[in-house]
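The values are calculated or read from the model by the stated rules, or taken from the named source; none is laboratory data. Quick caveat: nothing in here was measured; it's all calculated off a predicted structure. With ideal geometry, Cβ positions are generated from the backbone for all residues, glycine too; neighbour counts draw on all protein chains shown. When the accessible area is computed, the model is the full protein with side chains, heavy atoms only, and any ligands, DNA or RNA have been set aside. Shrake-Rupley method; radii C 1.70, N 1.55, O 1.52, S 1.80 Å.
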Amino acid sequence: MRRAQATSVSAVLVAAATAFAALPAQAAEGLLPQVHAKAETPAVFDDEEGGNASADDPAIWRNDADPNRSLVIATAKEGGIRVYDLDAREVQSIPAQPAPGPDDAPGRINNVDIVGNYAVVSDRGFDALRIYSIDANRAGAPLEEVTDPANAPLIFSADQAEVNDETTAYGLAVWQDPESGRIFAAASEAGRTTHALLELKPDAEGKVGYTKVRTLDLPAEFTLPNGATWSPCEEPGELPQSEGMVADPAAGVLYIGQEDVGFWRVNADFTGEPELVDAVRDFGVPATWDPATEECTYGEDPGFGGDVLTADVEGLTLWNEPKGQGYLLVSSQGDNTFAVYGRSDNKYRGGFALAPGSVIDGSEDCDGAAVLNAPLGERYPNGLAVIHDGYDDPQVEGREGSNYKFVDLAELKAAVGLR
């Protein structure tokens, strides 16, 4: 198996240590502000009765004609796609595609992003993108698939046999280039470090296909400040994968969360060298895979990790503010917290935890999140954050439930102390 070239991150780690000295006291002490959800979606269940549905990643579509009728579009893996209104009520459920053959996997809708009036999802079961038009006037069915089957090739696989190996399309980000108007998507490969840059191409009949532009590999090995070479501990045959991604089209950059490493800043056109913005706490910690326990056994921490993120690094979302300002929100899944970085300088600005309230529980094992800093009618006049909860309480006995929490963006902003 080809290994990515070892990358030196000494400068990044030194910069991270310097930044830590200026962290807010709450972060330095391990204490973060708490915010609470205003609403939550019905739980989906990862069992046969529930259609093997598992919540994962949300996106927010603003209805410019009537913001009160804006939508949250979210993935449910083998359960397909769920669409919710601003009261967190389900308005549409789209099933995943059935398996193409008896020995093949069914569709598995992993991540979602929105560009204009299109919702784009990664279908891990088919190693493909699926594109949906959004129209709130289609009562009960605002999403309609418009993928052009003749122009929707496999992204990472050569054939169905390779699709069945499940190193397929995983994470996703979609954006429109502000200068050319062209629409692009970035997809990550499950269990690998490869990312594909794709161009989406609508045709005159309303169908949308895509073509691959180029690929980019993140490192799988790193040269530490002490000269040692380190790789994150993974299951045999796997490399440190990415899932959470978000584009900042105005800046021409893409942020990628490499789960066991940290998060990166790369050029949106996949040229140039990736820059590691912040590393996870156990970056550089030696570990080996124990086949008996099917877990990693860790050695002594050499102290090269960051001070904010606990692996896995998961959902990344952009929080726009006027004049190119704003924030980058990163899910620190390992400690059930969220980190906020400056959009323009990528410096850590604070964090928060989505905690249980009197009625609605908080967020645990968060995979994806979405923020829209725009008025959304009467319910969310100051904007909305939607956060995945991988362990919805109260649990139904014998069933694994997950869902999405809706948070008033004004509360979140005030709690973190953002201007």
Subject >> Shape of the chain, Cα gyration tensor, a/c cut at 1.5 >> reply: rounded
**OP:** Putting +1 on Lys and Arg Cβ atoms and -1 on Asp and Glu Cβ atoms, find which of Q34, N336, A311 reaches farthest to the positive end of the dipole of the chain.
**Re:** Q34
**OP:** Choose one of G324, G350, V285: the residue whose Cα lies farthest towards the positive end of the charge dipole of the stretch 277-359 (beta-carbon charges +1 Lys, Arg; -1 Asp, Glu; about the Cα centre).
**Re:** G324
Subject >> Cα gyration tensor category, rounded, prolate or oblate, for the stretch 86-174 with a/c compared to 1.5 >> reply: prolate
Original post:
How many percent of the accessible area of the chain is carbon or sulfur, using a 1.4 Å probe?
Top reply: 46 percent
Original post:
Does the stretch 268-396 classify as rounded, prolate or oblate by the C-alpha gyration tensor (a ≥ b ≥ c root eigenvalues; a/c under 1.5 gives rounded; else a/b over b/c gives prolate, otherwise oblate)?
Top reply: oblate
**OP:** List every residue whose amide H lies under 5 Å from the amide H of T337, counting only residues 5 or more places away in sequence or on a different chain, with H placed 1.01 Å from N in the peptide plane.
**Re:** S332
Original post:
Computed FRET efficiency, Cβ-Cβ of D159 and E49, R0 35 Å: what is it to the nearest 0.05?
Top reply: 0.55
Original post:
With charges set only on the Cβ (+1 for Lys and Arg, -1 for Asp and Glu), what does the dipole of the stretch 72-196 come to about its Cα centre, in debye to the nearest 20?
Top reply: 280 debye
Original post:
Any idea what the relative contact order of the stretch 233-279 is, in percent, if you count C-alpha pairs under 8 Å spaced at least 6 apart?
Top reply: 26 percent
Original post:
To the nearest 20 debye, what charge dipole does the stretch 148-252 have about its Cα centre, counting +1 at the Cβ of each Lys and Arg and -1 at the Cβ of each Asp and Glu?
Top reply: 320 debye
Subject >> Flagged links, alpha-carbon separation over 32 Å, of K77/K413; K347/K405; K77/K212; K38/K77; K207/K347; K38/K347 >> reply: K207/K347
Original post:
Per-residue ellipticity at 222 nm for the chain, helices alone: DSSP H runs ≥ 4 residues times -39500 (n - 2.57), over residue total, nearest 500 deg cm²/dmol?
Top reply: -1500 deg cm²/dmol
**OP:** Could you pull out every Cys in the chain that lacks a partner Cys with its beta carbon under 4.7 Å away?
**Re:** C366
**OP:** Sum up the charges of everything whose Cβ sits under 11 Å from the Cβ of P106, counting Lys and Arg as +1 and Asp and Glu as -1, but leave P106 out.
**Re:** 0
**OP:** Could you provide, to the nearest whole Å², the per residue accessible area of the chain with probe 1.4 Å?
**Re:** 42 Å²
**OP:** Enter the Cα centre distance for the pair the stretch 34-99 and the stretch 251-289, rounded to the nearest angstrom.
**Re:** 28 Å
**OP:** Please report the relative contact order for the chain, taking Cα pairs under 8 Å with a sequence separation of at least 6, and give it as a percent rounded to a whole number.
**Re:** 17 percent
Original post:
Mind checking the dipole of the chain: about its Cα centre, +1 per Lys or Arg Cβ, -1 per Asp or Glu Cβ, Debye to the nearest 20?
Top reply: 1780 debye
